[in-house]
Amino acid sequence: MPGYDSAAADYDDGSSYDTDALPPVRSKPMKKTKLQLKKLGASDLAVSGASIKTQMTTNALLFPASAADVAALAGELTTFNTAITEAETVRVISTEKTAALADARAIVETRLNTIARQVDTVANGNVTTIHAAGMAATNDPQPVTMTQVQDLKLKASDQDEELLASCQSVKGASYYRFQTCTGAAPGNWSDHLNTTKAKCKLNHTLVSGTKVYVRVCAGNGNGEGPWSDVAWKTVP
């Protein structure tokens, strides 16, 4: 008969003395890497990447399958850091240019106000004289100034040698003037079509397989607004 210190010993109820009374073993969740890259700013990401590269290089024997990616990361971090520096330089320059623009505008506005007072002295309320100075008079109807056309898009038509152009409407516009050009880069613009709608078919003088650049401006009786950003597409 086995003793109580034997694995074969049983209690009176039939349970095993050494095995059945053991507590269950609970497995722990497996740990994994935690990067949270989307939460990092550009500079913090560069620092984190450099730290990981250093650690992975120091402990290369632990991660032989990662050798090629760690080597590639080194060059990619160099490019990334260069891009960060250039972006910061542009931001500083942009801030300085914006401030310079504001200062220049203030100077021009001051000068124009001075000239306007001089015109008022000469005109003495005569609207014709005020208009002769290229200025509006009090109570003149406010002209509708055209703004830049936005969101110019091109897409291929079902027809050969035809593109479909569309853009956002401009308030107060009575027509849209589309221009096109071809070549390695935009230039030598030619009037292509004037239309009353903010969309049109560009389907004459286009040659299939040619890269075509397109721009558009909005106009009315008071003049035309600035040109849109250039869009391009290869003619089907």
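Observations on the model:
- Of the residues in the range 124-132, at least one is within 30 Å of Y175 (Cα to Cα) and in contact with a helix residue (DSSP H, G or I) (Cβ under 7 Å, 6 or more places away or on another chain).
- Among (1) surrounded by 12 or more Cβ atoms within 10 Å (Cβ to Cβ); (2) among the hydroxyl-bearing types (S, T, Y); (3) over 26 Å from G221 (Cα atoms) - the single one T147 does not satisfy: (3)
- Elements of the type strands (runs of 3 or more DSSP E) sitting completely within the range 118-227 and holding at least 1 residues that are β-branched (V, I, T): these cover 175-182, 190-195, 211-220.
- Applying the condition of being within 10 Å of F178 (Cα to Cα) and modelled with pLDDT of 90 or more to the range 199-219 and asking which residue is farthest from the chain's Cα centre (by Cα) yields C200.
- Tabulated pairs, the range 97-120, first aliphatic (A, V, I, L, M), second surrounded by 10 or more Cβ atoms within 10 Å (Cβ to Cβ) and assigned to a helix (DSSP H, G or I), C-beta under 7 angstrom, 6+ apart or interchain: V119/I130
- Test: A218 is of a type in the set (A, V, I, L, M, F, W, C) and closer than 30 Å to A136 by Cα: yes
- Scanning the range 151-181 for residues that are surrounded by 11 or more Cβ atoms within 10 Å (Cβ to Cβ) and more than 24 Å from G219 (Cα to Cα) yields A156, S157, Q159, D160, E161, E162.
- Tally of residues being within 47 Å of the chain's Cα centre (by Cα), among the polar types (S, T, N, Q) and under 22 Å from N222 (Cβ atoms) across the range 118-139: 2
- Of the residues T79, T89, the single one that is assigned by TED's automatic domain parsing to the domain that holds K53, under 30 Å from S51 (Cβ atoms) and surrounded by 10 or more Cβ atoms within 10 Å (Cβ to Cβ) is T89.
The values are calculated or read from the model by the stated rules, or taken from the named source; none is laboratory data. Source: prediction; values computed, not measured. Because the Cβ atoms are built from the backbone with ideal geometry, glycine has one as well, and the counts that use them run over all protein chains shown.
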